[in-house]
Each structure stands twice: as structure tokens, then as C-alpha cells.
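Undergrad: Here's a structure for you.
Just so it is clear, none of the values below were taken in a lab; they were calculated from the coordinates. Given the structure is predicted, the values throughout are model-derived calculations rather than measurements. Cβ: placed from backbone, ideal geometry, glycine included. Neighbour counts: every protein chain shown.
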Amino acid sequence: MRTLRMKLIATVSVAALVGAVAFTSSTVAQAASTKSITVWLMPDAKDFGTALDDANAAFSAAYPGTKVVVEFQTWGDHLKKLDAALVARKGPDVVEFGNTEVMKYSAAGALADLTSYKPRFENNATWLKGLEDAGSYDGKLYAVPYYAGARAIMYRPSLFKAQGISVPKSYADFLTAGKKLMAAYGTDKDFSAVYLPGKYWYAAMSFVYDEGGAIATKSGGKWVGSLDSDASIRGLTRFKEVSDLLSKADKSGTEAAQWDVFNGGKVAMSYSNGWESCCIPKIGTDWAFFPMPSVKSGKASPAFLGGSNLAVPSYAPNAKLAANWIRLFTNARQMKTIALSGAIPNNTRMLGLISGPAAPVAAAAKNSWFVPGAIKWVDVENANTLQTMLADIATGKKTVAKAAADASAEITKLLN
């Protein structure tokens, strides 16, 4: 969805805000002390057909006399407002988080332990891994998968047809297609067969995870940067290969507003979010998607899985009602409505409901990767460690091996 691109990472210390606030099973079991619950959602929910209204109706039927107050937030300030609520121990009963935001709050004791509720959530056995992992900490569930966004290759079918190119089934095919497109259209100094800005870390890490690498791994209770492993180096080398041969994008730039560049008509392929097709009016209907191909023929590279989770703050006086509202909003009926609206549902079982041009993006969600589940991961993002490494590689400032070693050392330091 369009507002997914606006998600921000919290920079404050939740532990400092909530201290030793704990959420006990007795709190979960308590009856509602008031006749309303407050739900904080992002505006994306308005685009999901009747899912929200249907969930509220089902909740009202199950809990007559209890009112649901939905307050729509913005990605730019919702965590700041939540932090203030945590200090005051008064605020929403249900909060939507971007999935990269949850871990810090779970680890700080700011969220309710919903583990005992998990068996009651429909499709819990097939939740998307990137969302379930984001909502879990120390073996417990603190935030329920809501919906997701994934990336795939958005391309111009007319350009493929003109050059006799079929949809690539492997990375080798992808590279060959890109070279053919550059040979045909690359005399234009602004043309990219693949638009790949130097700091586009979501794309680069898909290459890394496809090779069996990782950003960091945990060993003996300590996180260790692993971008300098052999597998990760192979993935980063592929990133540089595409950047050098197929892309005219800024080697020190980001993918921000990449749909505008695609819309300019000088891009044949872009690693894009599914919603980006809404933002290319000049291209019209000359676009389609296919999953980024793997080094293994017939397979897709793992895609970063963005999205949202729903949680209950630890201070919530109506925790039991809040948990049950989440259960009704994420049940199979509402997930079907969300899927039919074009968004990716929270489970793999229902991905087939998404058809048409967006189907390859949904398929990409089946095989996904997510950032390391470290409490201090946000510090890596705030330090732009991955972006700096990739820009150094793309510009040739450092070799792949040197840039990866430096980044791994910094990641190890930041995560510990």
C-alpha cells in the first residue's frame, strides 16, 4: 500500500520510558473496566474494503455495549505518541506497528504477552514468517501479524517483447535479459535495464540471502555481523554486477520515489513494492511483475517482507477485549477481504486469493527474509551501516570484501 513507504523506526529508548512495567496473565484475564477500547491504526485500513467495519460489527455482537474507538495515526509520529502514552500508562488498547518497530518494545516489557491467545488466532500455523518473527521475542508472542508488503521485479512488457525476451527464470537469465536491454536502449545515458540505486539495501540483501548469507547471526548469546561470510560476499558481488552492468541509477542514491523514475520511461526493470504500479501514469498499462529470480533456476530470491503487526500495550486496562478485537480483525474472513483488496494477508494459505498483475508480488511473500531479531537492530538502521557499505561497493570506493568486513565489524559492535 502507498503509505508503507512512510514507515519510520523508533529512536527512543523504550526501556527508559516504561521501566519495569510488566504484563501478567492475570492482567490478560481481567474483565473490561470500561465500555470502550481504543484502537490505533494506520490509514491503510481504510483501503481494505469492509474488513474494519466487519470486525467491529463482529466485536459488538460478541461484546454488546462495548464501543470500539478507531483513531487513525501517521507513520511519522505514532511512536512518539505511543512513548508518551507509555509514560502516562494511559492510551490505546491496540496499536499497529510497522514490523521493524516491534522488537524494541517487546524486549522493554512495553507490550502484552499474547502467547496464550495464539491458538485462538485463525491461520496462526501459516502466518508469514517475517511478520511472526517480528512480533515474537524470547519465545513469546507480543504482536500479531496483520498484513504485509513484498517486492518483486516490475518490468515493461513492451520492451521485453521488442527484444524477444521472456520472463527470466534464473539469475543468469535475468543478467542476460538486462544485457540485451542495455545493448538495445543503453545509448541513452539515463536508461537502466535494472534501476538499482547504490544504497538500495532491501534489494542487495535479497541477493545476500539468496546465496545463503545473512546480515548477522547469533552465536553464544552474541550477535555477529556476517556480511563478510563467503555466501554474503557472493550476494554482494551480484549486487555490484547488476549495478555496474545494468543500472544508471545514482551509485550513492536511495530507492526513494523510484516509481517516479520508472514513470519517466527510461527504466526496463525495477525491484518494486506492489503498490508502486499505482504511481506510473505515463507508463499506463505497460507494466507487470515477476519475482526476482534466484541463482537456482526456477526459484525466486527471498524478498524482504515489510508490513504491520498489532499489539496490546502492557498498561492496557482492557487487555482481554483488545486481544479479542485483534483476533476478530485478523480472522480468515477479514484476511480474505484484505487479500481481495490487493494487500498481502498475514498467512501463506491465503496468498492465492491475490490474482492479476499483483500475484507475483504475493508469491514473493512465500519466500522472505527479515532483519536480525536483535533488540538493537534499530541502531544499525539509524547508523545507515548497510547503505554506506553498498554505496562504497557501487562507487568502487572499497572492494566488496573490504566494505563487507567493515560493515560486519560495525554491525557486531552496534548489536552488542
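Undergrad: Jot down the radius of gyration and Dmax of region 186-244, Cα atoms only, both in angstrom.
TA: Looking at region 186-244, its Cα Rg and Dmax stand at 14.2, 53 Å.
Undergrad: Would you please classify the overall shape of region 269-416 from the alpha carbon gyration tensor, given that a ≥ b ≥ c denote the square roots of the eigenvalues, rounded means a/c under 1.5, and beyond that prolate means a/b larger than b/c while oblate covers the rest?
TA: oblate
Undergrad: Using alpha carbons only, how many degrees (0 to 90, rounded to 10) separate the axis of helix 171-185 from the longest principal axis of the chain?
TA: So the helix axis and the longest Cα principal axis differ by about 60 degrees.
Undergrad: With a ≥ b ≥ c the root eigenvalues of the C-alpha gyration tensor of region 83-151, is it rounded (a/c under 1.5), prolate (a/b larger than b/c) or oblate?
TA: Note, shape of region 83-151 comes out prolate.
Undergrad: Okay, moving on. So for the chain, Kirkwood radius off the Cα pairs, Stokes-Einstein at 25 °C and 0.890 mPa s: how many µm² s⁻¹? Display every interim value, and only then the final one.
TA: Working: Rh = 22.2 Å.
D, rounded to a whole number, is 110 µm²/s.
Undergrad: May I ask for the angle, rounded to the nearest 10°, between helix 78-88 and the longest principal axis of the chain, with both axes built from Cα atoms and the value confined to 0 to 90°?
TA: With rounding to tens, the tilt is 30 degrees.
Undergrad: Angle check, please: helix 230-246 long axis (alpha carbons) against the longest principal axis of the chain (alpha carbons), in degrees 0 to 90, nearest 10.
TA: 60 degrees
Undergrad: Something else about it: Given R₀ = 41 Å, FRET efficiency for Ala125-Asp286 by Cβ-Cβ distance, to 0.05?
TA: 0.55
Undergrad: Would you check region 293-416 for Lys pairs whose C-alpha atoms are within less than 29 Å, ignoring same-chain pairs closer than 8 in sequence, and give me the count?
TA: Here the count comes out as 15.
Undergrad: Need one number: nm distance between label points at Tyr185 and Phe72, each 7 Å from Cα along Cα→Cβ, rounded to one decimal.
TA: 3.6 nm
Undergrad: 222 nm [θ] for the chain, helices only, -39500 (n - 2.57) per DSSP H run of 4+, per residue, to 500?
TA: About -11000 deg cm²/dmol.
Undergrad: Return the FRET efficiency for the residue pair Ala409, Lys35: r is the Cβ-Cβ distance, R0 is 56 Å, and the value is rounded to the nearest 0.05.
TA: Computed FRET efficiency for Ala409 and Lys35 comes out at 0.50.
Undergrad: I need the calculated FRET efficiency for the pair Thr217 and Asn382, taking r as the beta carbon distance and R₀ as 25 Å, to the nearest 0.05.
TA: About 0.75, to the nearest 0.05.
Undergrad: Computed over the Cα atoms, what is the radius of gyration of region 242-319 divided by 2.2 N^0.38 Å, N being its residue count?
TA: Ratio of Rg to 2.2 N^0.38 Å for region 242-319: 1.56.
Undergrad: Using the alpha-carbon centroid of each, what span in Å lies between region 262-336 and region 365-389?
TA: About 18 Å separates the Cα centre of region 262-336 from the one of region 365-389.
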